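Okay, structure first, notes after.
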Protein chains: 4
Amino acid sequence: MAEHKKQLNIAMVGSGFIARAHSNAFHQVGRFFDSPFELNTKVVCARDTNKLDRFAQQWSWEQTGTDWRTAISRSDIDVVDIAVPNALHAEIAILAAQAGKIIWCEKPLAVSVDEARKMSDAVHGKPNLVWFNYRRSPAVVLAKQMIEQGRLGEIFHYRALYLNQSGVDPAKATGWRYRLSEAGSGASGDLLSHCLEMALYLNGEIEEVCASSKTFIKNRDVDDAVMLMARFSNGSIGTFEATRFGVGFRNSLSFQIHGSKGMLQFDLEDMNSLRFYDATETPGVQGTKKLMVPGPDHPYVRNFWKPGHPIGFEHTFIATLGDFLSALQTGTTFHPNFNDGLKVQKLLEAISRSSETRSWQRSLLNES
Amino acid sequence: MAEHKKQLNIAMVGSGFIARAHSNAFHQVGRFFDSPFELNTKVVCARDTNKLDRFAQQWSWEQTGTDWRTAISRSDIDVVDIAVPNALHAEIAILAAQAGKIIWCEKPLAVSVDEARKMSDAVHGKPNLVWFNYRRSPAVVLAKQMIEQGRLGEIFHYRALYLNQSGVDPAKATGWRYRLSEAGSGASGDLLSHCLEMALYLNGEIEEVCASSKTFIKNRDVDDAVMLMARFSNGSIGTFEATRFGVGFRNSLSFQIHGSKGMLQFDLEDMNSLRFYDATETPGVQGTKKLMVPGPDHPYVRNFWKPGHPIGFEHTFIATLGDFLSALQTGTTFHPNFNDGLKVQKLLEAISRSSETRSWQRSLLNES
Amino acid sequence: MAEHKKQLNIAMVGSGFIARAHSNAFHQVGRFFDSPFELNTKVVCARDTNKLDRFAQQWSWEQTGTDWRTAISRSDIDVVDIAVPNALHAEIAILAAQAGKIIWCEKPLAVSVDEARKMSDAVHGKPNLVWFNYRRSPAVVLAKQMIEQGRLGEIFHYRALYLNQSGVDPAKATGWRYRLSEAGSGASGDLLSHCLEMALYLNGEIEEVCASSKTFIKNRDVDDAVMLMARFSNGSIGTFEATRFGVGFRNSLSFQIHGSKGMLQFDLEDMNSLRFYDATETPGVQGTKKLMVPGPDHPYVRNFWKPGHPIGFEHTFIATLGDFLSALQTGTTFHPNFNDGLKVQKLLEAISRSSETRSWQRSLLNES
Amino acid sequence: MAEHKKQLNIAMVGSGFIARAHSNAFHQVGRFFDSPFELNTKVVCARDTNKLDRFAQQWSWEQTGTDWRTAISRSDIDVVDIAVPNALHAEIAILAAQAGKIIWCEKPLAVSVDEARKMSDAVHGKPNLVWFNYRRSPAVVLAKQMIEQGRLGEIFHYRALYLNQSGVDPAKATGWRYRLSEAGSGASGDLLSHCLEMALYLNGEIEEVCASSKTFIKNRDVDDAVMLMARFSNGSIGTFEATRFGVGFRNSLSFQIHGSKGMLQFDLEDMNSLRFYDATETPGVQGTKKLMVPGPDHPYVRNFWKPGHPIGFEHTFIATLGDFLSALQTGTTFHPNFNDGLKVQKLLEAISRSSETRSWQRSLLNES
């Protein structure tokens, strides 16, 4: 019944946890977002064929393959989706770009600024996306809207944390995320990158950083935790911390912003709400308010269920994709894209350099 | 790639909000629950053909129809799903039963005990389900497990609330849910029924009730709010309250249970957690604990994402269906079914009678 | 340095937990409230002389005695404070009234309406007070103010709970509070009385009640828990519950009020805050707000420390006394007084009758 | 009735907000802590005689004076309490020490390490105390106890925040705390010093720091905010932030500690609770627990009211004094004393130097 929609055939590389979240979004975006596009889960590629068949069946991929190079070059493929370890992003993205595909890439974009710059250059002119999905949490979207409306006034402080406890037990922390060669970094690329992307989105450019990272486990070659101080272009100051040793938390991505007119606070573990303090109210009734999202006037209020009916992790991917398809239709630039991913990469590199040199480092976000 | 799965063709009657949630579950259950069945969204029926086409396209229904009687009788249909106003449940369910179909019915089952009893009798021998979806919230499932493990000990108190603010503005509160002829009741059938079903599930039979309902808006013929006291078979006492005048809340279904060994507390507005107080711990470290669900040992931990990644409203429908299909496969009895729905109806009727007569009423749950 | 203040000499009967809280207030009120009175802790009476001396020294009572009759009749005594088990209140209060004293009495006022009426009659014309201290929690005072300003609009629901776990262990629950002859009742007089008094204060008269009480422990002759439904004169409906079997809580006195314009919520375990939902705000930014109290415009903001500096349990007694002394100075009627205590007693008696007869009972608050 | 107690006559210098808190503690300590000492509020000194008389009357000081030098040298004075702006601490403390008095000094101890060292040297051999009162919050005391019991295991992260919004409005932020000459610093000495002292208490020595401070208001000569990273001797890393531009908060002193076996979390705005996550529990029931304090086994459980009855700001001063008097009686060394205050001063100076030089600085805590 949808024959009038433009078909987009997807080739996805990867079949792990995040590939599940991507696949789900491909099927679900049309349920929740109006779009002139119909997404077809055409072919999924991965090395382990046993698991791959099961994955393909569960997530309704039409075909499977072990040779991603062939798959992403097929003329019937419109979109290449990258859901593999970080070190593989660049090669796939650049080949896909050369084949003229639309490209969606899991975060962080790359394992170095060099790589990210090449990727960003390669996709120039092609629609592209980086899966910094948490920016599309309804609470974060509302925060952005409120900041743009001036409801926080002049910003003084930005504070971000990403806490999980995934790295504490060496027996469990064994995947590619714990190997420098595949992941490029540890907590920084995995967790901190989300915080940085969100900060750029909500609070603008970061001028310089002073960071310190830490590896608690002997012989592990990636960072277990990283902390840093930042100075933003808007005059505000910030602190960031990301750790896989945040015992007590499994997925707590949070921020807190203080401005002259108010305060905003978010925690992904309580993702259906946003805390707001309105400092322009009568003093006697000022207080931190829990806004349930999406509320009645929220940009996504008609997309998902209705106010009071919680959504979850997966909907941040669906909303990302919904907004991407809308931008694709209207020909506007979607964010976060590879260029945004490059900025995050520059920050990650400045942070790494700062940690090594024990000194403040400029972010050079606006230099090419 | 799923040709070896048994196909179940679904005919759904209804295309409103809850029909969206059902449709979503039909498509999603196979992604999250292993099952030998493949569900096909064959035909959806509703009166408003304009909206129906759009609905069918959005939710991938193969066909549409305005004559549900024909649709549910088709030989290629295996399952009839009922997602229409309460007063229409009985006729559809009984006809579907006569046609030998598997039957899924939105809650509350019916508008009277008589009707519910006829429905329950009619579906005898056919697999059947009532969409009391909230019982499948991971937090509620965990609560049930903990109670069965004896972690609360002897139960003293059961306390349930369902608060929303949907009825306050007469200009907005205009749908079928506000008309006795279509809904059968107001807050009782709509909201309280969830609390009652969950109480029966978690705390067992209710022997007698003393209730009082209230309609705040002149000329409205359904109850806006209902409150009641209850005595359970296990010796515990309970209070229940459901209201559409619970200003400040949109969908707060909550319970609190006190037992000799501990306390459990749940609120749907914070559905990814369950509060637990363990009174058997050393006194100095006793406290109310926030358990994030699904946690590492949760029955649904492998179904959805992973610990720390919130799920939402829709997943309660998916889990309901996942468990139904599992029961269907193994030939075990699924709950909540029409017989469970009948019990809730008996309670609703006792509550209504109690409110009218201003007296305690026995629930007669075990009488036929 | 305070010789110009009018001296009030106090005789207190009792030396238990609550006598400590009273004594503390006597010494502290002058620190936090301006007053033309100076309170002198002249004589404290109790039976156990060993403990009494220690008590007197700790709380700076000038003299001790075992014969309260003599003490309260002394011509140098201005105030009699009653801090003994409930069954002794009446005799002491009436004798003190006959001796022309100012009378302060611990709650609940009495063990029966008859007694309470005699007491109320006896103190007629003398300044009097009942220690329903929690009404003076800054959050409750703010709630009252907001309700009077019309910020909740028309009230729909009043919901009150008092939960503690003091009664579960029979080995520990052995004091006079568990003996009908001394306490008059169990959870009702001890806990529910606070909820009722606060409801009358915040939401006005209660017209009728339907209650049910429960004793979980064999051979205990007082109620362990009581639950009830109520109808208020203002058209709102209410539920109340008080229990000593509320495992998980030690002193959780809470209420929640829903009105056409907003919602208020309080819990004594978090006593330095009041939750407020303003339903008149723009829908998109409506949410439950945590007001820290006392805030900048609070009636008590200059009395205690300053906004952001928590106060505790004892300050509710100090504020009660501060307001009493202010009323004494200006000659206005203080609340809650013996007449307010009588109303609570009438409610308790209606509740007890309702529980026994399993029927709704009128409260008869306005009949003599 | 207390004639057998040893009398301690106090001379206090200062009559501002904190002098109220001290005075209160002097009167209240004997009510809540057993002690062989009786404190006499003998003489209070300040410049503004008008306000002084009122202060003295409200807080029962026997005498007033404008010449603190004379007062603190009086032979009948045993204790000198310093409650004046930071820049005056040293002179008073050193003179008091020369006069052989017991010395209590408001925090921060001094305005420089030099000063602090001289003060610390001067009081050598005399009982002394610095009013870092928040360490005696029952929740903090419990945290310390749990850490010492090994319930957190190896510590990974220490995170501290002190947020208030006192500095945002230049019209209101006009007192001595905003003048370098009197305060020595801004948010650092005022707020951060509490965080540092608490960190040393809970997590041990800090080896080096990297900090950055910020003054948002033109022409203000003290820091409005300070942020820093720290490395502790025990191998853990820490972040600290203190700000007077933390809009949304009035007095939020918080910390969060992650260790291999658990997590602890505290916020002064919710001071009657401590959050604890026990990572040694069965994974499925791990969660963050809210411990109400003082609980049944708490060191202060017999001092204040009883579990479930909140205490407030002032009790942290009372507990500080109670513990000091107990140490005085037994002849043990009390903490935090001037030497502890000196350590905080060293940290503040390293932080200041770090901020100026934009580099990591060693704390030199153990060098003389």
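Check cross-link reach from D:Lys172 to the lysines: straight Cα distance under 28 Å, and skip same-chain residues fewer than eight apart.
A:Lys261, A:Lys289, C:Lys289, C:Lys290, C:Lys306, D:Lys51, D:Lys107, D:Lys214, D:Lys218
List the residue from chain D whose beta-carbon is nearest to the axis that rotates chain D onto chain B, together with that distance in whole Å.
Nearest residue, distance rounded to whole Å: D:Lys289, 2.
C:Ile318: net charge of surrounding residues, Cβ under 9 Å, Lys/Arg +1, Asp/Glu -1, itself excluded?
On the way: positive: C:Arg31, C:Arg136; negative: C:Glu314.
Local net charge: +1.
Mind pulling up the Rg/Rh value for the stretch B:266-368? Radius of gyration and Kirkwood radius, both on Cα.
Numbers: Rg = 19.2 Å, Rh = 17.4 Å.
That ratio equals 1.10.
Please list the three semi-axes, largest first and in whole Å, of the ellipsoid equivalent to chain D, using sqrt of 5 times the eigenvalues of its alpha carbon gyration tensor.
Details: eigenvalues 204, 137, 75 Å².
Taking √(5λ) for each Cα gyration eigenvalue gives 32, 26, 19 Å.
For the protein assembly as shown, build the convex hull from the C-alpha positions and give me its volume per residue in Å³. Can you show the working numbers first?
Numbers: hull volume 247.8 nm³, N = 1472.
Convex hull volume per residue, Cα atoms: 168 Å³.
Under 14 Å Cα-Cα from D:Lys126, which aspartates and glutamates qualify once same-chain neighbours fewer than 8 residues away are excluded?
D:Asp78, D:Asp81
Peptide C:49-60: average number of partner chain Cβ atoms within 10 Å per residue?
Numbers: counts 0, 0, 0, 0, 1, 1, 0, 2, 5, 7, 2, 5.
The mean count of partner-chain Cβ atoms within 10 Å per residue comes to 2.
Would you tally the net charge around A:Ala96, using a Cβ to Cβ cut-off of less than 12 Å, leaving A:Ala96 out, and scoring K and R as +1, D and E as -1? Walk me through the numbers on the way to the answer.
Working: positive: A:Arg69, A:Arg74, A:Lys101, A:Lys126; negative: A:Asp78, A:Asp81, A:Glu91.
With Lys, Arg at +1 and Asp, Glu at -1, the net is +1.
Using the alpha-carbon centroid of each, what span in Å lies between the stretch C:43-73 and the stretch B:250-265?
Cα centres, the stretch C:43-73 to the stretch B:250-265: 45 Å.
What's the magnitude of the charge dipole for the stretch A:110-207 around its Cα centre, counting Lys and Arg as +1 and Asp and Glu as -1 at the beta-carbon? Answer in Debye, nearest 20. Each step should come with its number before you reach the end.
Numbers: 11 positive and 11 negative charges, 67 e Å.
The dipole of the stretch A:110-207 has a size of about 320 debye.
Would you be so kind as to identify which of D:Gly238, D:Ser213, D:Phe249 lies farthest towards the positive end of the dipole of the stretch D:208-255, taking Lys and Arg as +1 and Asp and Glu as -1 on Cβ and the Cα centre as origin?
Towards the positive end, the residue furthest out is D:Phe249.
Helix-only mean residue ellipticity at 222 nm, chain D, DSSP H runs n ≥ 4 weighted -39,500 (n - 2.57), per residue, nearest 500. What is it?
Numbers: 10 runs with 116 residues, N = 368.
For chain D, the value works out to -9500 deg cm²/dmol.
Quick one: if the Förster radius is 25 Å, what FRET efficiency do B:Thr332 and B:Glu91 give, using the C-beta to C-beta distance and rounding to 0.05? The partial results should precede the final answer.
Working: r = 29 Å, r/R0 = 1.15.
The formula returns an efficiency of 0.30 here.
Taking beta carbons within 10 Å but only from partner chains, what does the mean come to for residues A:246-256?
On the way: counts 6, 16, 16, 7, 8, 7, 2, 1, 0, 0, 5.
Mean number of neighbouring Cβ atoms from other chains: 6.
Any chance you could check the Cα centroid distance between the stretch C:224-247 and the stretch D:284-330 for me, in angstrom?
Between the Cα centres of the stretch C:224-247 and the stretch D:284-330 lies a distance of 33 Å.
Which order do peptides D:227-235, A:102-110, C:69-77 fall in by mean Cβ count within 10 Å, highest first? Don't jump to the answer; show the numbers that get you there.
Values: D:227-235: 20.7, A:102-110: 26.6, C:69-77: 16.3.
Final packing ranking: A:102-110, D:227-235, C:69-77.
Under the classification rounded if a/c is under 1.5, otherwise prolate if a/b is larger than b/c and oblate if not, where does the stretch D:79-200 fall, given a ≥ b ≥ c as square roots of the Cα gyration tensor eigenvalues? Please list the in-between numbers first.
On the way: a/c = 2.33, a/b = 1.18, b/c = 1.98.
Because a/c hits 1.5 or more and a/b fails to exceed b/c, the stretch D:79-200 counts as oblate.
How far apart are the B:Lys218 label points across copies, placing each 7 Å from Cα toward Cβ, in nm, shortest first?
Relative to the other copies, B:Lys218 has label-point distances of 5.8, 6.2, 8.2 nm.
Which value, in debye to the nearest 20, describes the size of the charge dipole of chain D about its Cα centre when Lys and Arg Cβ atoms bear +1, Asp and Glu Cβ atoms bear -1, and nothing else is charged?
Values: 40 positive and 40 negative charges, 81 e Å.
Value, rounded to 20: 380 debye.
Report for the protein assembly as shown the percent antiparallel among DSSP-assigned beta bridges with both residues inside it, nearest 5. Before the final figure, lay out each step's value.
Working: 168 of 284 bridges.
Here the antiparallel bridges make up roughly 60 percent for the protein assembly as shown.
Have a look at D:Ala319, D:Asn366, D:Val344 and report the one farthest towards the positive end of the charge dipole of the stretch D:309-368, computed about the Cα centre with Cβ charges (Lys/Arg +1, Asp/Glu -1).
So the residue we want is D:Asn366.
What helices does chain C hold that run 18 Å or longer along their axis, going by alpha-carbon atoms, with a Kyte-Doolittle average of 0.0 or more, using DSSP H for the helix calls? All intermediate terms of the calculation are to be shown ahead of the outcome.
Numbers: long enough: C:17-32 (22 Å, -0.07); C:313-330 (27 Å, 0.61); C:338-357 (28 Å, -0.43).
Counting only whole DSSP H runs, the qualifying helices are C:313-330.
Shape of the stretch B:259-303 from its Cα gyration tensor (a ≥ b ≥ c, root eigenvalues): rounded if a/c is under 1.5, otherwise prolate when a/b > b/c, or oblate? Mind showing how you got there, number by number?
On the way: a/c = 2.53, a/b = 1.78, b/c = 1.42.
Prolate is the answer for the stretch B:259-303, as a/c is 1.5 or above and a/b outweighs b/c.
Report the relative contact order of chain A, percent, no decimals, based on alpha-carbon pairs under 8 angstrom and at least 6 residues apart. Provide the component values of the computation, followed by the final result.
On the way: 795 pairs, mean separation 71.0, N = 368.
With pairs under 8 Å counted, the relative contact order is 19 percent.
If you take every DSSP beta bridge whose two residues both sit in chain A, what share of them, in percent to the nearest 5, is antiparallel?
Of the beta bridges lying entirely in chain A, close to 60 percent run antiparallel.
Below 8 Å between Cα atoms, with a sequence gap of 6+, how large is the relative contact order for the stretch A:6-133 in percent?
Numbers: 227 pairs, mean separation 30.4, N = 128.
Relative CO of the stretch A:6-133 lands at 24 percent.
I'd like the mean, over residues of D:314-322, of how many other protein chain beta carbons sit within 10 Å of each residue's own Cβ. It would help to have the intermediate numbers written out before the result.
Details: counts 10, 4, 2, 0, 0, 0, 0, 0, 0.
Counting other chains' Cβ atoms within 10 Å and averaging over D:314-322 gives 2.
With +1 on each Lys and Arg Cβ and -1 on each Asp and Glu Cβ, and nothing else charged, work out how big the dipole of the stretch A:138-187 is about its Cα centre, in Debye to the nearest 20. Intermediate results must be reported in sequence, preceding the final value.
Numbers: 6 positive and 4 negative charges, 18 e Å.
The dipole magnitude comes to about 80 debye.
When the Cα centres of the stretch A:161-220 and the stretch B:91-131 are compared, how far apart do they sit, in Å?
54 Å
Enter the accessible area per residue of the protein assembly as shown (Å², integer; probe 1.4 Å; all protein chains in place).
Numbers: 49590 Å² over 1472 residues.
Per-residue value: 34 Å².
Which percent, to the nearest 5, of DSSP beta bridges fully inside the stretch A:6-133 are antiparallel?
On the way: 0 of 22 bridges.
Antiparallel bridges make up about 0 percent of those DSSP assigns within the stretch A:6-133.
Where Lys and Arg each count +1 and Asp and Glu each count -1, what net charge lies around D:Asp278 among other residues with Cβ under 14 Å from its Cβ?
Numbers: positive: B:Lys289, B:Lys290, D:Arg151, D:Lys261, D:Arg275, D:Lys289, D:Lys290; negative: B:Asp278, B:Glu281, D:Glu281.
With Lys, Arg at +1 and Asp, Glu at -1, the net is +4.
From the C-alpha coordinates alone, can you work out the Kirkwood hydrodynamic radius of the stretch A:6-133, in Å? Intermediate values should be presented prior to the final figure.
Working: mean 1/r = 0.0689 Å⁻¹.
Taking the inverse mean of 1/r over all distinct Cα pairs, the stretch A:6-133 comes out at 14.5 Å.
The values are calculated or read from the model by the stated rules, or taken from the named source; none is laboratory data. Quick caveat: nothing in here was measured; it's all calculated off a predicted structure. No Cβ is skipped: glycine too gets one built from the backbone with ideal geometry, and neighbour counts run over all protein chains shown. SASA here: full protein model, heavy atoms, side chains in, ligands and nucleic acids out. Shrake-Rupley method; radii C 1.70, N 1.55, O 1.52, S 1.80 Å.
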